[in-house]
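Peer 1: The structure under discussion is supplied below as structure tokens; questions concerning it will follow.
No lab work stands behind these numbers, since they all come straight from the coordinates. What you see is a predicted model, and the numbers here were worked out from it, not measured in a lab. Cβ atoms come from the backbone with ideal geometry, glycine included; neighbour counts cover every protein chain shown.
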Amino acid sequence: MFYLVILSTFITVFLLTYVIIRFIKSKQKAVSRIKQYINTDQIHEDKRKAPNREYKVGLGIISRGIGHARFLDNYKKETQRKLIRAHLLLKAEEFMTISLILMVVFGFLTFLASNSILLSIFVSILGWLFPSIFLKARIKKRLKTLNEQLSDAIVLMSNSLKAGYSFFQSVDIISKEMTGPIAEEFAFMQKEVNLGLTTEKALENLVARIKSDDLELVVTAVLIQRQVGGNLSEVLDNISTTIRERVKIKGEVKTVTAQGRASGFIISILPLVLGLILFVINREYMILLFTNPLGIAILGFSVLMELIGIYFISRIVKIEI
């Protein structure tokens, strides 16, 4: 009991000290950021120090090593574009470092549990792919939210144009009056124009970042109107009606394909649940799948067939509109 009290006291003191140190450092960081706006010497000094501390607050030596790997430049650029679309404040090197750490940790823990090299390699690959899967899911969710907000944004822009506002004044209204991804993207586009980028290029960058068919339709209409003229508010009203009808049809299709999607989910999750239950009930019986070469082959074939089934079901229930 005495040792337990000592341990609890030590943990409490350690946590309190950690919180105090973090609080002091956060205040120092805030003060230093304020000084950047009032002290030009500090700005030049920060610029000189920037290359040396680029990853000091990041994920360390691994991120620095990945950043220096030139053969990964194309992959890093593509990853950075995905991070921007997902609105994750990470560098591509840091994201790849997280993937690498998960790959090593998953593989090491699996090897300790099963003593199987092949299974460890398979789980390591899953650990590497897990952040990418999360990134794609976040991009998909953000794109869905943006498409749902786009119709309201178009109506707000059309009404602003009818009231006598200019195009960029209506963009500013959207960035201030609305919230979520649509406000963030329009505010970013406005900043690009304020920094000297042409309107056409800023709109093209907006489409390239989001990759939304509905938004591409809006941007195309705006670009054509800026070249040949016309009533932009009327065009936007027609596009808004089209987008609303498309969203309505997508909802109906989603309702019709609900049974197929539920079947695919059940088929994909059922083997994992049954395997976990059997592993808890009879560990010796299930461990052969991970230690015996024949069991590993059967497990790999089962996973392959499962993935093929999931793929075909997803293709059947996915209807493009």
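Peer 1: What is the Cα radius of gyration of segment 144-246 over 2.2 N^0.38 Å, N being its residue count?
Peer 2: Numbers: Rg = 12.4 Å, N = 103, 2.2 N^0.38 = 12.8 Å.
Compared with the compact-globule rule of thumb, segment 144-246 sits at 0.97.
Peer 1: Next question. Assuming 0.890 mPa s and 25 °C, estimate D for segment 210-321 with Stokes-Einstein, Rh taken as the Kirkwood radius over Cα pairs, in µm²/s. Can you show the working numbers first?
Peer 2: On the way: Rh = 18.6 Å.
Approximately 132 µm²/s, per Stokes-Einstein.
Peer 1: Using the charge dipole of segment 144-246 (Lys, Arg: +1 at Cβ; Asp, Glu: -1 at Cβ; taken about the Cα centre), state which of VAL219, MET189, ILE239 has its Cα farthest towards the positive end.
Peer 2: About the Cα centre, the residue reaching furthest to the positive side is MET189.
Peer 1: Quick one: dipole size for segment 144-246, taken about the Cα centre, charges +1 on Lys/Arg Cβ and -1 on Asp/Glu Cβ, in debye to the nearest 20.
Peer 2: Working: 10 positive and 15 negative charges, 26 e Å.
The dipole of segment 144-246 has a size of about 120 debye.
Peer 1: Based on the mean of other beta carbon atoms within 10 Å per residue, what is the order of 197-203, 123-129, most packed first? Working shown, then result.
Peer 2: Values: 197-203: 15.6, 123-129: 17.3.
Ranking the peptides 197-203, 123-129 by packing returns 123-129, 197-203.
Peer 1: Next question, about the same structure. Is segment 251-317 rounded, prolate or oblate when judged by the Cα gyration tensor, a ≥ b ≥ c being the square roots of its eigenvalues, rounded requiring a/c under 1.5 and prolate requiring a/b larger than b/c?
Peer 2: Details: a/c = 7.10, a/b = 2.20, b/c = 3.23.
The shape class here is oblate.
Peer 1: Still on this structure, please answer the following. State, to one decimal in nm, how far the label point of LYS191 lies from the label point of ARG226, with both points 7 Å from Cα in the Cβ direction.
Peer 2: Here the answer is 2.0 nm between the modelled labels.
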